[in-house]
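Shown next, in structure tokens, is the structure this report addresses.
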Amino acid sequence: MESKVADLDLPAAPSWERTPRRATLRSVAPSEFVAPPRRKRRGNNSPSASEIAAAFHVLESASVFYSMPDGMLRSLARRLRILRVPKGSLITSQSETGDCIFFIAEGRCQLAIERAAGHRVAVAVLAEGDFFGEAACVLNETHQASAVALSDCKLFALDRTSLFAVISQSSPEIAQLSRLAQQRKATFAETAAQASWGVLLGEAPVVAIYSPKGGSGGTTVALNLVGSLSRRYPGQVLLLDLDLPYNHAALLANLVPTTCLARAAQTPPEAFEEVLLSAVLYHAGGPMILPGALKPEEADLVTPELLARTISVLRRSFRYVIVDLGVALSETVLAVVDHVQHVVLVVTPEISAVKASADALEILVTLGVPPDEVSVLLNHRTAKPAVLRASLERMLGKAVDVEMLFDGSRPDEAALHGNILSLTDPKSEVTKGVEALARRLESTQPLAAIEGGVPSGTVAQPVGAGSGDGAEASS
């Protein structure tokens, strides 16, 4: 197969074949891949207004970049180069040097890492609005993964010189882009290590965290519960953030999302699992986070049908799936309830919160959730509770299962600095509370076991990897 983009010849590109479990390579006739021309000079050969507008739209759609001022985006847009890549063409090669960030305007690309000779693992499937190559561009490193076009693609390339001509290397924007690059490196390495765990025996339990009143600390409980379970099973516990339309779990964990569940809605069925799992963020302490939406308007794309497909995939891929349901009893919440094995009702000792929780508990039972599959977590947000525990239990008609004592300013400081208390502060009352909750879940919910067994604190080696390829994670 031959593919032409401009005038520079690159080495022969392999073609990719996918099996249901992993990617393999086979040699084909040499192909010609040509780099895009350098940026056009001003004058008669300057980019047209429509080209600049299209480039601006691509930048505006990309995470990290869409928060930049319009003037800065326009300056970058004038420096982007158009790259048309035929299906099957190799765009970047693992371990080779590069200096460009590639923005996807049309089509889909796959990133894969070779962990052993002849064994390659797909770590991400990227579509319109995504970008890749930021580590090579900003960190001046070799490409961590090879990128291949899964369809005919239109890309925009931004080289290092053009980027730093517009944005200072010491600017907050570059700092955030560098943090994203480091984050993705860890995510891809972790994904590659886990990609071929083996067949899961059974499916992971789905645990929903719900509070009917805002400010009850539901997201804090969900995030720290995932952190607590991840200390036992690093990389095997996922938080699905459905606190829509403003889901902030990734931000509270100091992670930079580039895509989300909502953007996987239009993915073809054959690619859905890869696209979904490539949207998962990996925290260095072990937790995995899947944002529901990046923008408030994307929340409407998260439908009951999408959630059913998503939960089915996640239950096969992780040991525990924790879902932050937010506050409103929306269609999204009701759809998740159909798939959960346990609900944690977060209550604060306030009259309005207790009344709302009693109503929510009645609704959950009416929807078919057995009372013994609902745990009540009493979260003390102030030093002096307005409602005593005994009175709260009487109003709910149900005993409190876990009590989280007042933790002062620790939760707010952790949120400010992007820390997860259950990973960083064992003396925190939040940590003690979620540890008690984690023990309760482990005692009441069956744990999906991985074939052959995986010791706590380690990550299984992928099928076909050498004995030295296993990665060990620490909490």
Relative packing of 400-407, 278-285, 224-231, which averages over residues the other C-beta atoms within 10 Å, highest first: 224-231, 278-285, 400-407
Kirkwood hydrodynamic radius over Cα pairs of the stretch 389-428, then Stokes diffusion coefficient at 10 °C and 1.306 mPa s, in µm²/s: 130
Chymotrypsin sites (Phe, Trp or Tyr not before Pro) restricted to the stretch 53-126 and DSSP loop, no more than 14 other C-beta within 10 Å: Tyr66
Net +/- balance of residues flanking Leu405 in space, Cβ distance below 13 Å, scoring K and R +1, D and E -1: +2
Cα pair distances exceeding 18 angstrom across the stretch 325-376, given as percent: 25
In order through the stretch 322-332: 3J(HN,Hα) via Karplus (6.51 cos²θ - 1.76 cosθ + 1.60), integer Hz, x for Gly, Pro: 9, 10, 8, 8, x, 10, 5, 7, 7, 4, 5
Accessible area per residue in Å² at 1.4 Å probe, computed on the stretch 55-170: 35
Percent accessible area from carbon and sulfur atoms, the stretch 207-366, protein chains only, probe 1.4 Å: 56
Per residue solvent-accessible surface (Å²) - the stretch 366-417, probe of 1.4 Å: 59
Leading residue at positive end of dipole, the stretch 147-286 (Cβ point charges), from Leu239, Phe156, Ser216: Ser216
Heavy-atom accessible area per residue - the stretch 224-274, 1.4 Å, Å²: 33
Extension gain, Ala175 back to Ala383 (0.36 nm per residue minus Cα-Cα distance, nm): 71.1 nm
For peptides 240-246, 389-395, sequence by mean Cβ density within 10 Å, most packed first: 240-246, 389-395
Estimated vicinal HN-Hα couplings, Hz - the stretch 54-66 in sequence order (Karplus 6.51, -1.76, 1.60; Gly, Pro = x): 5, 5, 4, 4, 5, 5, 5, 8, 7, 4, 6, 7, 5
Set of aspartates and glutamates with alpha-carbon distance to Lys185 below 19 Å, sequence-local pairs under 8 removed: Glu96, Asp99, Glu114, Asp130, Glu134, Glu141, Glu173, Glu274, Asp469, Glu472
Extension gain (nm, one decimal) between Met72 and Lys427, 0.36 nm per residue minus Cα-Cα: 123.3 nm
Candidate lysines for bridging to Lys87, where Cα separation is under 17 Å - those fewer than 8 sequence places away on the same chain excluded: Lys4, Lys154
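The values are calculated or read from the model by the stated rules, or taken from the named source; none is laboratory data. Only a predicted model underlies this, so the values are computations on that prediction, with no experimental measurement involved. Note: ideal-geometry Cβ built from the backbone for every residue, glycine included; neighbour counts use all protein chains shown. The accessibility values were calculated without ligands, DNA or RNA, using every heavy atom of the protein model including side chains. Shrake-Rupley method; radii C 1.70, N 1.55, O 1.52, S 1.80 Å.
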